[in-house]
1. What 222 nm value per residue comes from the helices of the chain, counting each DSSP H run with n ≥ 4 as -39,500 (n - 2.57) and dividing by all residues, nearest 500 deg cm²/dmol?
2. Give me the percent of the accessible area of segment 158-267 that comes from carbon and sulfur atoms, probe 1.4 Å, all protein chains in place.
3. From Cα coordinates alone, what are the radius of gyration and Dmax values for the chain in angstrom?
4. Can you list the residues, at least 5 places off or on another chain, whose amide H is less than 5 Å from the amide H of Q164, using H built in the peptide plane?
5. Between R263 and R126, what length comes free when the chain is fully extended (0.36 nm per residue of separation minus the Cα-Cα distance, one decimal in nm)?
6. Taking only protein heavy atoms into account and a 1.4 Å probe, give the accessible area per residue of the chain in Å².
7. Starting at the first residue of segment 128-139, write each ³J(HN,Hα) from the Karplus equation 6.51 cos²θ - 1.76 cosθ + 1.60 with θ = phi - 60°, in whole Hz, x for Gly and Pro.
8. Starting from the alpha-carbon convex hull of segment 117-200, give the projected area averaged over all orientations, in nm².
Amino acid sequence: MSRRTEIPVPDVLGYVDDHADLPAPFFLMERAPGEQVSGPESLTDDALERTAHDAGRHLGELQSAASFAGYGWLRAGLDADIDPPVGDLVVADFAENWSSQLHDLAEGSLSRIEESRFADMVDELRAGLDTHLEVVPDAPDPVLLHDDYRFGNLFVDPDSGVVQTVLDWGNHFTGHSEYDLAVTEHHLCGRLPLDADRRRLVHEALLSGYAETNELTRDDAFRERQLAYRFVTQLAPLAWFDLWYGDGDDPETIANQQRALVRALLP
């Protein structure tokens, strides 16, 4: 990643496939600068704005660095039976239609929600998904999505908000660039309500940063797609609620907040 972009990623110094005494495979990377913060509540408004702006710049660089032949999970070429299209990477479970791929991703979440505390919402969520998918393009440029650009995968300067290291590149997929903007907004604002001041701050800084490193047209069609992508990416905290929030101090309050947010995103 550091060879194609200016995203601050630690260099890998070496890797081991098998080892007699240690769990393998594993790799060793250089020491990463910065500190990990618990979330947006740990930063001032100015620092959070800087983090979101840096996020936008990084996503713009990432998505302009390479394009792929279709949509799917990115895997090492040595694990696949097809020729790698970009370096040593291939798109596994290849799909040519982004809207269909997004539908399948969402259905995976909805299947889990059926067995969760949010099961009563499944019918209205499926109806909302069908409506939102009407504005999702079938064949946008397939680019690499980070999909997990959150504080748990960042080292930042807690005073300034400058992102000093971006981590966790092990399980990503290719898709529409705008999808990554929606999920990153959720992560960096802490999934606040749509009208929250800090969500607006993150939204504007994220798009401003992105426009510095990649093309972005903020018209009505873009806003409709962002609403659709926010909806789809808000299904994950419902599907994985017990894993993400089950050990929290007040899971019932968090559940009500997540329920309210996904309902606000219904068309």
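The values are calculated or read from the model by the stated rules, or taken from the named source; none is laboratory data. Worth saying up front: this structure is predicted, and the values here are computed from it rather than measured. In this analysis, Cβ positions are derived from the backbone assuming ideal geometry, glycine residues included, and neighbour counts consider all displayed protein chains. What goes into the accessible areas is simple: the full protein's heavy atoms, side chains included, and nothing from ligands, DNA or RNA. Shrake-Rupley method; radii C 1.70, N 1.55, O 1.52, S 1.80 Å.
1. Taking each H run of at least 4 residues, the total per residue is -14500 deg cm²/dmol.
2. About 47 percent, which is the carbon plus sulfur part of the accessible surface.
3. 18.7, 58
4. Distant-sequence amide H within range of Q164: F155, V156, D157.
5. Fully extending the segment from R263 to R126 adds 48.1 nm.
6. Ligands and nucleic acids excluded, the figure is 51 Å² per residue.
7. x, 4, 4, 5, 5, 5, 5, 9, 7, x, 7, 9
8. Averaged projected hull area, Cα only: 8.0 nm².
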